[in-house]
1. Towards the positive end of the charge dipole of the chain, with charges on Cβ (+1 Lys, Arg; -1 Asp, Glu), say which of PRO181, LEU13, THR352 has the farthest Cα.
2. Give me the distance in nm between label points sitting 7 Å out from Cα along the Cα-to-Cβ direction at THR242 and THR435, one decimal.
3. Where Lys and Arg each count +1 and Asp and Glu each count -1, what net charge lies around ALA245 among other residues with Cβ under 12 Å from its Cβ?
4. Rounded to the nearest 500, what is the 222 nm mean residue ellipticity of the chain from helices alone, with -39500 (n - 2.57) per DSSP H run of 4+ residues and division by all residues?
5. Is region 398-472 rounded, prolate or oblate when judged by the Cα gyration tensor, a ≥ b ≥ c being the square roots of its eigenvalues, rounded requiring a/c under 1.5 and prolate requiring a/b larger than b/c?
6. Would you work out if region 285-427 is rounded, prolate or oblate? Take a ≥ b ≥ c from the square roots of the eigenvalues of the alpha-carbon gyration tensor; rounded if a/c is under 1.5, else prolate when a/b is larger than b/c, oblate otherwise.
7. I need the peptides 166-172, 444-450, 216-222 ranked by packing, meaning the mean over residues of other C-beta atoms within 10 angstrom, with the highest value on top.
8. Just to confirm, what accessible area per residue do you get for region 284-410 at 1.4 Å probe, in whole Å²?
Amino acid sequence: MFDPFIAPSGTLLGLLQRGRGDGTLHALAAPRPEALAALNHCVLSDPRHDWQVENRSLYYARLYLDLDGGTEEIERHLWDPEDHLDTDDSRTGLALAVLGHLASYGRDDALVLLRRYAATGANWAWALDELALRDDDAGLCSLAEPVIGRFPATPQGDAELAAAVRDAFEPRPWRLWADDPRPAIGARIRAAGEQGSFDRWQRQMRPGGPRPGWSVQAVFDWAQQGLERGSVLHLPAARCLTAVAGAEDRPRIVEAARGGPDGARCAALHYLAEARDPAVLDLIEEAAVSPSRTVADAAVAAFERMCGPEAVERARRWAHRPDALGASASGVLACRGAAQDAPLVLAALRETVRGDGPDAPRLWTLVDGTGRLGIACAAPVLRHVYRETSSSQLRGRAARALAATDPSFATGFAVECLWDCEETTREVAALHAETGDVRVAERLRRLAADPAEEAEVQTAVRSRIGPDTSAG
C-alpha cells in the first residue's frame, strides 16, 4: 500500500483525514455536500499510515450519522470491478468497518451491504467479522451457503476452508454453521474445524529452534544461520544465552560482541545489555559505527532495552551525537531521565521536528518524555505536532503531553479532543476539558449515552458529570 496523500491540516479534508475533533466540528458547520464529499474521500481512500494502530471507523461512522449521510458511495466502492483485482485489506477494510459501526447504530442499509459483500466480495472475511458482532443468527445462517461455496469440495478447497475456520477472527458464524444439518455445510465445517485443530497440534509438536543442552557456540550458530535465511533471531538467541551461558562463557560472549559474525554479534550485544555487563556500553558504542547496518541497528536496539542508571548516565554523554545512537540516547532520557535532562530532551524534540517533520518516528518517545518531565516551554512545539501530524496516535500523545505542560489545554485543544478519532485521546479530553464550555457539557452527555463508546472514556466522563448527567 502506498503512503496516502494527506491534505493540509487547515482544510476540511486534512482535518478529517487526521481524525481530529475539529474535523467533525468543521464538517458540521460546512455545506452538507462538501462535508459528505470529504467524508467519502476519507472512507474510500484510507488515510492512515498504519491501519492496525490508528482508529478512524467509529469517528467516520458518527459523522455519517450526524450528516445523515447515505451509503451509496461506499456501495459503489465495494462493488467496483477493482475489488477482485486489488484484494488487499486496505482497499475495503475501512469502509467495511464503518458499515459495521453504522449497523450497530441501527442503520439497516449498512447491514444489508455487509451481508451482500460477505456473500460476493473479495474481502468477505472482514465483512463476516463485522457481521459476527452485529447480525442476528438468521442473518449469519443465510450466508453459510455463499461463503462455504467459495471453497470447492476438493483437497485444496478443504485445506483452504480449514485455514479459514482456524484463522477466523470472530468464530461465531462458523460455530453456527457447524450445526447446520446439511452435509455440504455442517459436516464440512465440522471437518474443517477438526483439521484446523490437528494442524495446530502438528505445529506445536514439530521440533524447531534451540534444544536443551545447547552450547553458547550452538546458539551463536543458530542466530547466524537465521540471519542468513533472512530471520532476525537476535532477541530469542539472547534469551537462549541466558539459559545456557555460565560465568566461564563471558569472555567468548564479549569477544563475539566485539567482532563476531553479525548474527552472533547482535545476539551477544543483546545478552550483555540484558545482563547489564560492565563492558556492554563500550561495546555498543563501538558497534553503533559498524559498517554493517544490522550490527549498528542491533547496538542501538540493545541500548534502548537497558533500564539501569548506567544507561541513563551514558545517554547524557551520547545525546549530543548526530547519529542513531545519539537519537536513541535522547529517547532514553525522555523515558528514564530526570529533571536535569529536560534541556536535552527539549533540544532533541525541537531538532527532530525541524529536521524530520511532525511525523518522525522519534517524536513518539520525545513527546511522551516532554510530558513526563513537565517541560512547560515545549508547549509551542507540542501544539505544532498536534496540529500537523498525520498520525492520530502521535497526536494523542501530544495531547497528553499538553495536558501536563500547557495551562491553556483545558480550554483549547481538550475541547476538540472530545470528538477525536482515538478513544485514548477522548479519554484525556474527558478528564481535562473545561466544562464551562456549553459544547463540552453536551458532548460529555452524548459520550456517556453512546453504547459504542469505550468503557475507559465513559469512566472518565462519569468522573466529570453527576448521576443525572448534568455537567459537573
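The values are calculated or read from the model by the stated rules, or taken from the named source; none is laboratory data. A quick note: this is a predicted structure, and the numbers were derived from the prediction, not measured. Here the Cβ is made from the backbone with ideal geometry for all residues, glycine too, and neighbour counts use every protein chain on show. These accessible areas exclude ligands, DNA and RNA; they are computed on the full protein's heavy atoms, side chains included. Shrake-Rupley method; radii C 1.70, N 1.55, O 1.52, S 1.80 Å.
1. Most positive-ward Cα: THR352.
2. For the pair THR242/THR435, the computed spacing is 4.6 nm.
3. Charge balance near ALA245 sits at -1.
4. Per the formula, -20000 deg cm²/dmol.
5. Oblate shape, in that a/c is at least 1.5 and b/c is the bigger or equal ratio.
6. Working: a/c = 2.34, a/b = 1.85, b/c = 1.27.
Prolate is the answer for region 285-427, as a/c is 1.5 or above and a/b outweighs b/c.
7. Answer by packing, highest mean first, reads 216-222, 444-450, 166-172.
8. 41 Å²
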